[in-house]
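Novice: Quick one: structure below, then a few questions.
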Amino acid sequence: MAQLFNSIHQKLFVQAKSKQSSRVKKQESLSYAYGSQDTMDLLSYAGLEESETYVVIDDTYIRTLFISGFPYIASTGWLNMLINFNHNIDISYHLEQVDAALALPKLTRKITELESTKRAMQRRGAIIGSEITDPLESAVALKNKIQRGQEKLFQISIYIALSAPSLSELHKMTTLLETVLAARLFYTKIATFQQLEGLQSVLPRAENLLAQKRNLDSSSAALTFPFVSSELVQDGGILYGVNRSNNSLVILDRFSLHNANSIVFAQSGSGKSYTAKVEILRQLMQGTKVIVIDPEREYEQLTKSVHGTYIRLSAHSKEKINLFDLSITTTDAHDDNLATHVQDLTDILSLMLDGLSAEEKGVLDKAIMHTYKGFGWTLTKSLKRKKDFPLLKDLHKTLKTMKQRKLASRLEKYTKGSLSQVFDSQTNISVENRLIVFDIKDLSESLRQIMLVVISNFVYNQVICRSSADILRQITWL
Ligand SMILES: Nc1ncnc2c1ncn2[C@@H]1O[C@H](COP(=O)(O)OP(=O)(O)OP(=O)(O)O)[C@@H](O)[C@H]1O
Ligand SMILES: [Mg+2]
């Protein structure tokens, strides 16, 4: 036992001694350090003048105020108005969590106090105003929330340091600030005779020397956060830009949203195409398949750089899309494919034939079904076998056999006339590449509109026939 005691004593003694010697050494080194000039000396001002309500440092007048009264109800981002206050101000706020075990008895006492005041007033027959009911209600609500663990209690101090080149300017700014805050029912007070403590509390040293604290619950404390814009960073997203209010990165995965479509509006030359191209590149890096319909021939260079497929569609181009083409790799999940496709086809043909009446639409629908049937396609079970698709000229033939001469002759423009090459063969475009660009610049104005619909139909068909998660990864650029 004695031995143990001895060893402990020795340890403590040695420790104390070594501490003492290190302290002496430190002091010695400090006294040397005082002799030379360091960065602090260079940065520091020569001195400061302290008055009751301001300090003067290097001809700058600085006044510290604190927020003494908060409104009963405050809106989100109210501190924003201070940030937008167009003068030279520094804002500093201190936030400390209060232990619930300490806070609860105090709250209970406060509630009892308010309750007894209320009762006394009732007995006197006085009218009970909001000065009693408001604090009482909020204290009871807060107590309940703290007890349930829904809210925490915080102590907050908000200090504002105004700086101006002259005293009159400082007075003016103070009045202005007080007015701006009072309009929102926030009341300020100048830290009279405490300007030095005030200044130190404003400096980023996490020292709350003024100690002007107010109690707030978590949700009210959260309202004091000055930047209401939140961060938008999603895993697996791509960079869209920088949030200008807080300089955070905006990283968004558009496919995680309910609707992945987007449209870009901006003035000419402001970078719409550039933005679209940057997004395409970033999407490609994420493994997304991108299909572009390009009416301006802007994407040729981009396609070359990433070895994409560039399809230049024109009235005479070799690349063809057959209107009757439909996705057949699906199994039973898309049995109504043919039915929807016939509908789409009727719409496209209506566009090609400059509008159709309801009656003509009915006839065309029948003719299309007949044509499909002639090639072995029916609405029910045919989708599982690979067969040839009919062509536009087959529809023309059907119309003729159905004695629909008028419709047949209107369609002749696309089967025998000037545009006969556009839809005269089976689809020979492969959509296997990760980037496919359809260039429709060479198409005439009337054909361009039709091709836009044909391509979007074709793309849609190709996309739904892929059973993977890619299905929804469709981007529409307008
Ligand atoms: N973020 C950017 N960084 C560098 N250059 C850019 C940026 N955004 C746009 N540009 C350049 O600005 C010019 C105009 O951009 P862009 O062609 O994308 O505009 P636009 O909005 O598509 O115009 P228009 O309406 O005429 O099609 C281009 O030369 C482009 O390279
Ligand atoms: Mg552009």
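Since every read-out is calculated from the coordinates, none of them should be taken as a lab result. Predicted model, so just to flag it, every value in this text is computed and none were measured. Note: ideal-geometry Cβ built from the backbone for every residue, glycine included; neighbour counts use all protein chains shown.
Novice: Which far-off residues, 5 or more places away or on another chain, put their amide H under 5 Å from the one on Val98, with H placed in the peptide plane?
Specialist: HN-HN under 5 Å from Val98: Leu153, Phe154, Gln155.
Novice: Working out 0.36 nm times the residue gap between Gln200 and Arg448, then minus their Cα-Cα distance, what length gain in nm do you get to one decimal?
Specialist: 82.3 nm
Novice: Same structure, new question: Give me Arg124, Arg434 ranked fewest to most by other Cβ atoms within 10 Å of their Cβ, as a rough exposure proxy.
Specialist: So the ranking, lowest neighbour count to highest, is Arg124, Arg434.
Novice: With each pseudo-label sitting 7 Å past Cα toward Cβ, what's the Ser418-Glu231 distance in nm, one decimal?
Specialist: About 6.0 nm, to one decimal.
Novice: Another question about this same structure. Under a point spin-label approximation (7 Å from Cα along Cα-to-Cβ), what is the Arg214-Ala120 distance to one decimal in nm?
Specialist: 2.6 nm
Novice: Say a paramagnetic label sat at a point 7 Å from the Cα of Asn247, along Cα to Cβ; which residues of region 204-227 have their backbone N under 16 Å from it?
Specialist: Once the point is set 7 Å along Cα→Cβ of Asn247, 227 turn out to lie under 16 Å by backbone N, inside region 204-227.
Novice: Next question. Of the peptides 352-361, 147-156, 395-404, how do they stack up when ordered by the mean number of other Cβ atoms within 10 Å, highest first?
Specialist: Numbers: 352-361: 13.2, 147-156: 15.7, 395-404: 18.2.
Answer by packing, highest mean first, reads 395-404, 147-156, 352-361.
Novice: What is the projected area of the convex hull of the Cα atoms of the chain, averaged over all directions, in nm²?
Specialist: Details: hull surface 191.9 nm².
So the Cα hull casts an average projection of 48.0 nm².
Novice: Please list, ordered by chain and number, the residues whose modelled amide H lies under 5 Å from the amide H of Leu210; skip anything fewer than 5 residues away on the same chain.
Specialist: Residues meeting the amide H criterion: Ser201.
Novice: Amide H to amide H, which residues 5 or more places from Asn88 or on other chains are under 5 Å from it, using H placed in the peptide plane?
Specialist: Those lying under 5 Å, H to H, from Asn88 are Ser163.
Novice: Fewest Cβ neighbours within 10 Å first, please rank Val264, Val437 accordingly.
Specialist: Starting with the residue having the fewest Cβ neighbours, the order is Val264, Val437.
Novice: Another question, then. Using r as the Cβ-Cβ distance of Leu167 and Glu207, and R0 as 22 Å, what FRET efficiency do you calculate, to the nearest 0.05?
Specialist: That gives a FRET efficiency of 0.25.
Novice: Would you list Leu43, Leu249 from fewest to most Cβ contacts within 10 Å?
Specialist: In order of increasing Cβ crowding within 10 Å: Leu43, Leu249.
Novice: Mind checking the full-extension length gain between Ala315 and Lys189? Use 0.36 nm per residue of separation minus the Cα-Cα distance, one decimal, nm. Display every interim value, and only then the final one.
Specialist: Numbers: separation 126, 0.36 × 126 = 45.36 nm, distance 7.85 nm.
Full extension from Ala315 to Lys189 adds 37.5 nm.
Novice: Give me the percent of DSSP beta bridges within the chain that run antiparallel, rounded to the nearest 5.
Specialist: 75 percent
Novice: Say each of Thr108 and Val278 gets a label point 7 Å from the Cα, pointing the same way as Cα to Cβ; how far apart are those two points in nm?
Specialist: Label at Thr108, label at Val278, 6.0 nm between them.
Novice: Beta carbons within 10 angstrom, averaged per residue: use that to sort the peptides 216-223, 44-51, highest first. Spell out each step's value before the answer.
Specialist: Numbers: 216-223: 16.6, 44-51: 9.9.
Going by the mean number of other Cβ atoms within 10 Å, highest first, we get 216-223, 44-51.
Novice: Another question about this same structure. How far is helix 2-35 tilted, in degrees, relative to the longest principal axis of the Cα atoms in the chain, given as a value from 0 to 90 rounded to the nearest 10?
Specialist: So the inclination is approximately 80 degrees.
Novice: So if R0 is 22 Å, what FRET efficiency would Glu96 and Ala182 give, r being the distance between their Cβ atoms, rounded to the nearest 0.05?
Specialist: Working: r = 26 Å, r/R0 = 1.20.
Plugging the Cβ-Cβ distance into 1/(1 + (r/R0)^6) gives 0.25.
Novice: Right, next: Here is the link list: Lys366/Lys393; Lys143/Lys189; Lys272/Lys320; Lys393/Lys416; Lys361/Lys403; Lys318/Lys400. Which ones come out longer than 19 Å on Cα distance?
Specialist: Lys143/Lys189; Lys272/Lys320; Lys318/Lys400
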